[in-house]
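Here the structure comes first, spelled out in structure tokens, and everything after it is commentary.
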Amino acid sequence: MIRTLLSHNFIRYIIVGVISMAIEMGMLILLVERLGLPVLESNLIAFVITNIVNYILSRLWVFEKSGRKKRVELVWFSLFLSISLLLSQALMWIGVDYLHLDYKITKLISIVIVVAWNFLTRKHFVFARQAGA
């Protein structure tokens, strides 16, 4: 467990995650406070754009080549991204609408949970090395 946390790809994933978090929070705040969009709509837009950037950075810098064709890898990524989006939206909905938490605090909580999910699914499924690759 400790060796996994100190691995190069995990440290790089954290760096990419911090960049992604800054993009996502910045976009969310901009969309809600400056453009006046609803929180869930803003979360959707910020989440999708941030995860496109995150995928590109993850593919180029964080994870080794999986040995899969890019489109197969993209299908896996899209599947788990869809689950991540549902998780993020559900957490935002519960936090803001039911617990009456500030949307920024709720987003930070959501990011922590979704980042853990994303790391595990990307490491073990999306970018996992194929036997013989």
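A residue that is farther than 23 Å from His8 by Cα, assigned to a helix (DSSP H, G or I) and either at pLDDT 75 or above or not aliphatic (A, V, I, L, M) (or both) occurs nowhere in segment 52-62.
Listed conditions (1) over 18 Å from Trp117 (Cβ atoms); (2) surrounded by 19 or more Cβ atoms within 10 Å (Cβ to Cβ) are all met by Phe77, apart from (1).
Look at segment 114-133: where a residue is under 17 Å from Lys70 (Cβ atoms) and a partner is small (Gly, Ala, Ser) and modelled with pLDDT of 75 or more, sitting 6+ places away or on another chain with Cβ atoms under 9 Å, you get Arg122/Ser58; Val126/Ser58; Phe127/Ser58.
Pairs are defined by a Cβ separation below 8 Å, a sequence spacing of at least 6 or placement on different chains, a first member in segment 20-37 that is small (Gly, Ala, Ser), and a second member that is surrounded by fewer than 16 Cβ atoms within 10 Å (Cβ to Cβ); the pairs so defined are Ser20/Val53.
The values are calculated or read from the model by the stated rules, or taken from the named source; none is laboratory data. Bear in mind the structure is a predicted one, so any value in this text is a computation, not a measurement. Don't worry about glycine lacking a Cβ; one is built from the backbone with ideal geometry, like all the others, and counts go over all protein chains shown.
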